[in-house]
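Take a look at the structure below.
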Amino acid sequence: MIFEWEDVPGANQYIIEISSDPEFKKPEVIETLLKTQYVWNGYNPQKRYYWRVASGNTNGRMGLFSEPTELK
């Protein structure tokens with residue numbers, strides 16, 4: 001499964017979270033990335049997942065997470 005999102009001006013890193021719980025209490029994935037794409041090999045089509053992304057930069061400033069999107 002490939003996740004892609006638009007580049008945010010001023011951001012040089014992103015955090016993606018993927019969870020089977022819409023509240024993201026125990027995400028299956030929490031990754032910090034330097035690009036606007038993530039390839040997830042753990043996808044199980046029998047389960048329902050949600051994902052969201054936050055942008056930021058390497059000096060530690062992070063924005064808010066996007067609204068969760070459900071995978072169908």
* Structure fact -> Of those in the stretch 61-70 that are in a loop (DSSP other than H, G, I, E, B) and open to solvent by less than 70 Å² (accessible area, probe 1.4 Å), the residue nearest to residue 5 (Cα to Cα) is 66
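Table: residues versus (1) assigned to a strand (DSSP E or B); (2) modelled with pLDDT under 95; (3) surrounded by fewer than 16 Cβ atoms within 10 Å (Cβ to Cβ); (4) in contact with a Gly (Cβ under 7 Å, 6 or more places away or on another chain).
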position	(1), (2), (3), (4)
38	yes, no, no, no
45	no, yes, yes, no
51	yes, no, no, no
54	yes, no, no, yes
72	no, yes, yes, no
* To do: Consider only pairs whose beta carbons are under 9 Å apart and that are at least six residues apart or on different chains; among these, list those whose first residue lies in the stretch 12-29 and is exposed (fewer than 13 other Cβ atoms within 10 Å of the Cβ) and whose second residue is of a type in the set (Gly, Ala, Ser) and outside any strand (DSSP E or B).
  => 26/20
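Pick out the one residue from 33, 64 that is under 14 Å from residue 12 (Cβ atoms) and among the aliphatic types (A, V, I, L, M).
Exactly one of 33, 64 is under 14 Å from residue 12 (Cβ atoms) and among the aliphatic types (A, V, I, L, M), namely 33.
Here are 32, 58: which of them is open to solvent by 40 Å² or more (accessible area, probe 1.4 Å), of a type in the set (Ser, Thr, Tyr) and part of a strand (DSSP E or B)? Please lay out each step first, then the result.
Numbers: 58 fails: part of a strand (DSSP E or B).
Among 32, 58, only 32 is open to solvent by 40 Å² or more (accessible area, probe 1.4 Å), of a type in the set (Ser, Thr, Tyr) and part of a strand (DSSP E or B).
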* **Complete set of residues in the stretch 8-20 that are farther than 14 Å from residue 32 by Cβ and at pLDDT 95 or above** => 19, 20
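The values are calculated or read from the model by the stated rules, or taken from the named source; none is laboratory data. Just so we're clear, the structure is a prediction, and the values are computed from it rather than from any experiment. Here Cβ is always computed from backbone atoms with ideal geometry, including for glycine, and neighbour counts include all displayed protein chains. We work out accessible area using only protein heavy atoms, side chains counted, and drop any ligands, DNA or RNA first. Shrake-Rupley method; radii C 1.70, N 1.55, O 1.52, S 1.80 Å.
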